[in-house]
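**Q** Structure below; questions to follow.
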Amino acid sequence: MSLVGPTPDRPPTEFRPIEVPLGAEPLDRLVAVLDAAGMARLETSLARMRALLAGRVFWNISSTAAGGGVAEMLHTLLPYMRGGGVDGRWTVIQGGADFFALTKRIHNLLHGESGDGGALGADERSIYEGTLAANAVGIAEAVRPGDVVLLHDPQTAGLIDGLRQIGALVAWRSHIGTDRSNAQVEQAWRFLLPYVRDADVTLFSRTAYVPAGLGPEHVAVMQPSIDPAATKNQEQTPAVASAILDQAGLVRAASPPLDPQPFTRPDGSPGRIEHGAEVLRTGASPRIRNRPLVVQVSRWDVLKDPVGVLHGFAHHVLPHVPAELILAGPTVHSVVDDPEAAETFDATVDAWRALPHGVRRHIELACLPMHDLDENAAIVNALQRSAAVVVQKSLKEGFGLTASEAMWKRRAVVASGIGGLADQIGDGVSGLLVHDPNDLAAFGQAVTQLLRDPVAAERMGERARERVRSHFLHDRQIADHAELVERLLGTPQRSGT
């Protein structure tokens, strides 16, 4: 099915994709954090991509430019490619509330969850195809025959056929999935496979996420990665982290902050915290109480289980060890492709209000400002660096970049032993895994164990950083992209192209 032209019920002017402005990052930003082997891999991979893509554009297309791991990766990954001489560009599709409600439904189903329980029938397919047909008009004005296009997640799968008819080489990447299929997963794939089968290559974060019905000759595994030089991961002294959290209104500094410009932007210019977080707390901020800090940073998504984190901490950590919890996420209306964020946040607030006052005063809910993505990243960085333990108690998790971010900062992480989290963390070596994400007692026991033994937690944190250095930094993923481009350019064109 072609999506280059309009469909009868959706005019082509309704939704137009928006290209995200990107700079070019010099590779020498990474010299201080990559070892010699990593730098060699990076430079070799970019040289391969530069040669293979001569005269071609490497497009990435996603559904949002802010919020979530895909957007964060592209904001840093593509500038390094551009700095290495690759013409990398990024376009974001647009859609209405009905489209994003539908794609969130598919997102939940791919995780094996029912979500809102809605249908995936003819009406839903019409909404999906109509929205993407409108976006495809603008995309067709920019993409040229021979260009390489990497589409991200279910929101974009319906663009595959139209792009291939233009003459582009098309890969589709799913960042989500679950280790065990069920009726919900199968329902989602029945909807998506008619589009996904047309891709030249399909990419998944784990082999377990690959559905039946895709031939192995068109499948590859590519795991996400983080930029160690990004604002979210750049080094911060304890004093700078304290100043940032104080200025954001999250944790009161023991003394007045000394640094009015506490972080550096990717272009080298100084940055400062100008927007406060929206914080729900009872009583004094955590630093005044001077207890170790437990932190989870994630979108307000039911699959990130903020309510479970809250109850696990309240009932299975606080009775055994004094500590503070900050549950943090973006402001609830800032992520356009996640319409359930406000509902999840409200449920978390209700659970927090239901706790006894003496427990509630040790738990803080924070919506972090999204006006300035570098500012947001600096706040997240400071939160993770100030934590004694970082947690990611997801019910389902395709990968979990926040775990890698915390590990890079030498933090011991307690996470659910599911999906990509199990690939990132060596249980008992570079963190602790809770194998049943619904077992709140086991979660609380793991957090308590690390809080009681900070020396062991520090050792885990050191090993965690080295694991990320070896497996989950951008040099490795750029090498994976070079292999992808080589594979695409060597792929015989299918009939109809």
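**Q** Could you tell me whether segment 137-145 includes any residue that is modelled with pLDDT of 95 or more, among the aliphatic types (A, V, I, L, M), over 25 Å from residue 14 (Cα atoms) and not in a helix (DSSP H, G or I)?
**A** Scanning segment 137-145, I find no residue that is modelled with pLDDT of 95 or more, among the aliphatic types (A, V, I, L, M), over 25 Å from residue 14 (Cα atoms) and not in a helix (DSSP H, G or I), so the answer is no.
**Q** Mind checking whether some residue in segment 96-108 is open to solvent by 10 Å² or more (accessible area, probe 1.4 Å), within 14 Å of residue 16 (Cα to Cα) and part of a loop (DSSP other than H, G, I, E, B)? Don't jump to the end; show me each part of the working.
**A** We begin by selecting, within segment 96-108, every residue open to solvent by 10 Å² or more (accessible area, probe 1.4 Å); these are 96-98, 100-101, 105, 107.
Keeping just the survivors that are within 14 Å of residue 16 (Cα to Cα) gives 96.
Narrowing further to those that are part of a loop (DSSP other than H, G, I, E, B): 96.
Checked against the condition, which is being open to solvent by 10 Å² or more (accessible area, probe 1.4 Å), within 14 Å of residue 16 (Cα to Cα) and part of a loop (DSSP other than H, G, I, E, B), segment 96-108 yields at least one hit.
**Q** May I pose another question? Checking residue 358 against (1) closer than 27 Å to residue 62 by Cβ; (2) open to solvent by 20 Å² or more (accessible area, probe 1.4 Å); (3) in a helix (DSSP H, G or I): exactly one of these is not met. Which one?
**A** The single condition residue 358 does not satisfy is (1).
Okay, residues lined up against (1) among the β-branched types (Val, Ile, Thr); (2) under 15 Å from residue 327 (Cβ atoms); (3) open to solvent by less than 10 Å² (accessible area, probe 1.4 Å):
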residue: 381; (1), (2), (3): no, no, yes
residue: 385; (1), (2), (3): no, no, no
residue: 388; (1), (2), (3): no, no, no
residue: 393; (1), (2), (3): no, yes, yes
residue: 397; (1), (2), (3): no, no, no
residue: 404; (1), (2), (3): no, no, yes
residue: 407; (1), (2), (3): no, no, yes
residue: 418; (1), (2), (3): yes, no, no
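**Q** If you don't mind, there's one more thing I want to ask. Take the conditions open to solvent by 10 Å² or more (accessible area, probe 1.4 Å), of a type outside the set (Phe, Trp, Tyr) and either part of a helix (DSSP H, G or I) or under 25 Å from residue 490 (Cβ atoms) (or both) and apply them to residue 38. Does it pass?
**A** Details: open to solvent by 10 Å² or more (accessible area, probe 1.4 Å): no; of a type outside the set (Phe, Trp, Tyr): yes; either part of a helix (DSSP H, G or I) or under 25 Å from residue 490 (Cβ atoms) (or both): yes.
No.
**Q** Can you go through 217, 274 and tell me which one is under 18 Å from residue 369 (Cα atoms) and acidic (Asp, Glu)? Talk me through it step by step, then tell me what you get.
**A** Working: 217 fails: under 18 Å from residue 369 (Cα atoms).
One residue alone meets the criteria, 274.
**Q** Being in a helix (DSSP H, G or I), modelled with pLDDT of 95 or more and not polar (S, T, N, Q) is true for just one of 429, 380, 391. Which residue is that? Walk me through how you get there before you give the answer.
**A** Details: 429 fails: in a helix (DSSP H, G or I); 391 fails: in a helix (DSSP H, G or I).
Of 429, 380, 391, the one residue that is in a helix (DSSP H, G or I), modelled with pLDDT of 95 or more and not polar (S, T, N, Q) is 380.
Here's the yes/no breakdown for (1) in contact with a strand residue (DSSP E or B) (Cβ under 7 Å, 6 or more places away or on another chain); (2) among the acidic types (Asp, Glu); (3) not in a helix (DSSP H, G or I):
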| position | (1), (2), (3) |
| --- | --- |
| 404 | yes, no, no |
| 410 | no, no, yes |
| 422 | yes, no, no |
| 433 | yes, no, yes |
| 437 | yes, no, yes |
| 456 | no, no, no |
| 467 | no, no, no |
| 482 | no, no, no |
| 487 | yes, no, no |
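**Q** Would you mind telling me which numbered condition in (1) out of contact with any Pro (no Cβ under 8 Å at 6 or more places or on another chain); (2) assigned to a helix (DSSP H, G or I) residue 119 fails?
**A** Condition not satisfied by residue 119: (2).
**Q** Let me ask something else about it. Please identify the pairs in which a residue from segment 420-448 that is over 17 Å from residue 459 (Cβ atoms) has its Cβ atom under 6 Å from the Cβ atom of a residue that is assigned to a helix (DSSP H, G or I) and small (Gly, Ala, Ser), counting only partners at least 6 apart or on another chain.
**A** So the pair list comes out as 421/403; 424/403; 424/404; 434/442; 434/446; 440/312; 443/312; 444/312.
**Q** Right, something else. So residue 263 ticks every box in (1) at pLDDT below 95; (2) open to solvent by 30 Å² or more (accessible area, probe 1.4 Å) but one. Which box is left unticked?
**A** For residue 263, the failing item is (2).
**Q** While we're on this one: Answer yes or no: is there a residue in segment 287-310 that is out of contact with any Ser or Thr (no Cβ under 7 Å at 6 or more places or on another chain) and without any contact (Cβ under 8 Å) to a residue 40 or more places away in the chain.
**A** Among the residues of segment 287-310, at least one is out of contact with any Ser or Thr (no Cβ under 7 Å at 6 or more places or on another chain) and without any contact (Cβ under 8 Å) to a residue 40 or more places away in the chain, which makes the answer yes.
**Q** Considering 341, 354, which residue is under 16 Å from the mean Cα position of the chain (by Cα) and over 23 Å from residue 413 (Cα atoms)?
**A** On the way: 354 fails: under 16 Å from the mean Cα position of the chain (by Cα).
After ruling out the rest, the residue left standing is 341.
**Q** Take the residues of segment 175-233 that are more than 23 Å from residue 395 (Cβ to Cβ), in contact (Cβ under 8 Å) with a residue 24 or more places away in the chain and among the acidic types (Asp, Glu): which is surrounded by the most Cβ atoms within 10 Å (Cβ to Cβ)?
**A** 227
**Q** What is the one condition in (1) over 17 Å from the mean Cα position of the chain (by Cα); (2) in a loop (DSSP other than H, G, I, E, B); (3) acidic (Asp, Glu) that residue 397 does not satisfy?
**A** In the conditions (1) over 17 Å from the mean Cα position of the chain (by Cα); (2) in a loop (DSSP other than H, G, I, E, B); (3) acidic (Asp, Glu), residue 397 misses (1) alone.
**Q** Also, quick follow-up: I'd like the full set of residues that are part of a loop (DSSP other than H, G, I, E, B) and open to solvent by less than 10 Å² (accessible area, probe 1.4 Å), limited to segment 310-324. Steps first, answer last, please.
**A** Narrowing segment 310-324 to residues part of a loop (DSSP other than H, G, I, E, B): 317-323.
Scanning segment 310-324 gives 317, 323.
The values are calculated or read from the model by the stated rules, or taken from the named source; none is laboratory data. The model shown is predicted, which means the values in this text are computed figures rather than measured ones. Note: ideal-geometry Cβ built from the backbone for every residue, glycine included; neighbour counts use all protein chains shown. The accessibility values were calculated without ligands, DNA or RNA, using every heavy atom of the protein model including side chains. Shrake-Rupley method; radii C 1.70, N 1.55, O 1.52, S 1.80 Å.
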